[in-house]
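Report on the structure given below.
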Amino acid sequence: MKIISANLNGIRAAARKGFFDWMLQQDVDVVCIQETKAQLHQLTDPVFSPQGYHSYFHDAEKKGYSGVAIYSRHKPDKVITGLGWPDVDCEGRYIQADFGKLSVASLYLHSGSSSEERQAIKFDVMDRFMPRLSEMQGDGRDYVICGDWNIAHKKIDIKNWRGNQKNSGFLPEERAWLDTLFDEVGFVDGFRAINQEEEQYTWWSNRGQAWANNTGWRIDYQVISPALADKVLAADIYKKERFSDHAPLILDYDYSIS
């Protein structure tokens, strides 16, 4: 089973850059997209309905903002849109597809970088989300929660860690939240299950020469149930082409979708 997570920073722009052509070459089972920045009525072009895939969207009410999607080769038994929180769901930040015992989700966690107000909202959502994640971890299902979590976990996950300790995305409280998710709740960082290398980033600022100098952050994850930890066969970040300011995160699992 191959799963790709990709923040496209605009699905229409990424399509023009060849994302769907690339996707169809990957022999991928599920693709989780964040920041579609579009609404379904704007995606009538056939490129957004690639042959052989079912597609599901959870749009933001605000045009050109946020939004998540799942493309799946197998038709899900069930699709869940949103977390049941109106203030979050109106921004189109969570969609989940269930296949037998497996649930694959596309998550776009809030960014707090634009203002203190948005950071406060991010913390509030994190506080509410952790009990939900704990429930999910204990419900007997296998989860792959893909997405842009907007937090770099450890020093190894960010190039300039010293200069970013007071910046959203690398705040001590945010990093501690991921510590809780992995160390106490029991979820696993799928990429780090097999790849402990340095400078493995998934996002680069558009400012300066961040991409050229690989001054990046690893903020995109496939967060998986512990039962899947030893099922990860390969974990890669695709950087040969640029579809957005994020790079696609590709994980292969020794697991079959039923």
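The values are calculated or read from the model by the stated rules, or taken from the named source; none is laboratory data. Everything numeric here is computed off the predicted structure, so don't read it as measured data. Using ideal geometry, Cβ is built from the backbone for each residue, glycine included, and neighbour counts are taken over all protein chains shown.
Scanning the range 67-88 for residues that are of a type outside the set (A, V, I, L, M), in contact with a Gly (Cβ under 8 Å, 6 or more places away or on another chain) and crowded, with 22+ Cβ neighbours inside 10 Å yields a single hit, Gly67. Taken as a whole, the condition of being more than 19 Å from the chain's Cα centre (by Cα), surrounded by 13 or more Cβ atoms within 10 Å (Cβ to Cβ) and either of a type in the set (Phe, Trp, Tyr) or within 22 Å of Phe182 (Cβ to Cβ) (or both) applies to Trp211.
For (1) surrounded by 15 or more Cβ atoms within 10 Å (Cβ to Cβ); (2) touching a Cys at 6+ places or on another chain (Cβ under 6 Å); (3) closer than 28 Å to Phe19 by Cα, each residue gets a yes or a no:
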| site | (1), (2), (3) |
| --- | --- |
| Arg132 | no, no, no |
| Ile151 | yes, no, yes |
| Lys159 | yes, no, yes |
| Leu181 | yes, no, no |
| Phe191 | yes, no, yes |
| Gln196 | no, no, yes |
| Gln200 | yes, no, yes |
| Trp203 | yes, no, yes |
| Thr215 | yes, no, yes |
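Filtering the range 230-251 for residues that are in contact (Cβ under 8 Å) with a residue 60 or more places away in the chain, in contact with a Leu (Cβ under 7 Å, 6 or more places away or on another chain), farther than 25 Å from Asn167 by Cα and of a type outside the set (S, T, N, Q) leaves a non-empty set.
Note on the range 89-121: among residues that are charged (D, E, K, R) and under 19 Å from Glu61 (Cβ atoms), the one that is surrounded by the most Cβ atoms within 10 Å (Cβ to Cβ) is Arg93. With the structure loaded, tell me whether Lys166 is assigned to a loop (DSSP other than H, G, I, E, B), on the phi < 0 side of the Ramachandran plot and of a type outside the set (Asp, Glu) or whether it fails that test. Taking the combined requirement at face value, the residue satisfies it. Quick one: would you say Gly208 is part of a loop (DSSP other than H, G, I, E, B) and at pLDDT below 95? Yes; evaluated as a whole, the condition is true for this residue.
Checking each residue in the range 194-252 for being of a type in the set (Ser, Thr, Tyr) and under 21 Å from Tyr143 (Cβ atoms) picks out Thr202, Tyr221, Ser225. Ile156 meets all of the listed conditions (1) part of a helix (DSSP H, G or I); (2) over 28 Å from Ser114 (Cα atoms) but one, namely (2).
Of all helices (runs of 4 or more DSSP H) completely enclosed by the range 1-118, which ones contain at least 3 residues that are aliphatic (A, V, I, L, M)? Per the criteria, 11-16.
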